[in-house]
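Following: one structure in structure tokens, then a few remarks.
The values are calculated or read from the model by the stated rules, or taken from the named source; none is laboratory data. Everything numeric here is computed off the predicted structure, so don't read it as measured data. Here the Cβ positions follow ideal geometry from the backbone for every residue, glycine too, while neighbour counts run over all protein chains shown.
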Amino acid sequence: YDSEYRYDANPVPSLQSIDGNDRVIYIGTFSKSLSPSLRINYMVLPKPLLGAYHQMFSSYSSPVTWLTQEVLASFLRSGDYTRHVRRMCAAYRKRHDAFVQQLSKQFGQKIALHGQGAGLHFLLEFSDGVDADRLIQEARKAGVKVYPVTPFWSVSEGCPPNMLFAGYSLLNEGQIQEGIRLLKQAWALVLCNT
């Protein structure tokens, strides 16, 4: 979905779209662009693999109802999905920009922001010596949700202790402003000691 929600540049082409040798399997989901509850994913196989796929998975049955699949197919064919993604991209861009602006206004250079220009969340990096777990606890006390990055590291011991995730896709611009203001208050003691 980072390729669908890019704010500063054109979408990055998929590897499958630039593969001239039929060697790339393209896998995707509609969980970020439509709804997590839809639970529909897709896979585009190179033609040489179709026979093997049908042979290996001939008894596989999709848990997604036929009607749901047909409605989604109609949504895609009509062009409504493309229009939906464009509208959501414009809405998420406003939230993205509000987050960047408010974070800069409230924290200045105390936080390095990674992941600008695409996606639905940011990776926040603090100066050395700042414990992200403590920041997460203080944010939670203030009623703001931020998340550890450890679950996304392949080797948790290699995960930097001074990084966390913050998302913005479910918030409006006012909630983003208020949330970052609350974070500044909650993190004041922790950040002034570094």
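Numbers below:
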| quantity | calculated |
| --- | --- |
| Residue check, ALA112 surrounded by fewer than 15 Cβ atoms within 10 Å (Cβ to Cβ), among the small types (Gly, Ala, Ser) and in contact with a strand residue (DSSP E or B) (Cβ under 6 Å, 6 or more places away or on another chain) | yes |
| Tally of residues being touching a residue at least 24 places away in the same chain (Cβ under 8 Å) and under 22 Å from SER14 (Cβ atoms) across the stretch 32-65 | 11 |
| Residues of the stretch 145-184 that turn out to be farther than 23 Å from ALA118 by Cβ and either in contact with a Leu (Cβ under 8 Å, 6 or more places away or on another chain) or surrounded by 13 or more Cβ atoms within 10 Å (Cβ to Cβ) (or both), as a count | 5 |
| Qualifying residue in the stretch 122-138 (condition: over 18 Å from LEU191 (Cβ atoms) and surrounded by fewer than 16 Cβ atoms within 10 Å (Cβ to Cβ)) | no |
| So ALA188, is it surrounded by 15 or more Cβ atoms within 10 Å (Cβ to Cβ) and either more than 28 Å from SER33 (Cβ to Cβ) or not assigned by TED's automatic domain parsing to the domain that holds SER35 (or both) | no |
| Filter result (in contact with a helix residue (DSSP H, G or I) (Cβ under 7 Å, 6 or more places away or on another chain) and among the polar types (S, T, N, Q)) within the stretch 11-69 | SER31, SER33 |
| Positions within the stretch 109-161 being of a type in the set (D, E, K, R) and farther than 15 Å from ILE180 by Cβ, in sequence order | GLU125, ASP128, ASP131, ASP133, ARG134, ARG140, LYS141, GLU157 |
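For every residue, the table says whether it meets (1) surrounded by 11 or more Cβ atoms within 10 Å (Cβ to Cβ); (2) modelled with pLDDT under 85; (3) not assigned by TED's automatic domain parsing to the domain that holds HIS96.
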site	(1), (2), (3)
ARG6	yes, yes, yes
ALA9	no, yes, yes
GLY20	no, yes, yes
SER37	no, no, yes
ILE40	yes, no, yes
HIS54	yes, no, yes
TRP66	no, no, yes
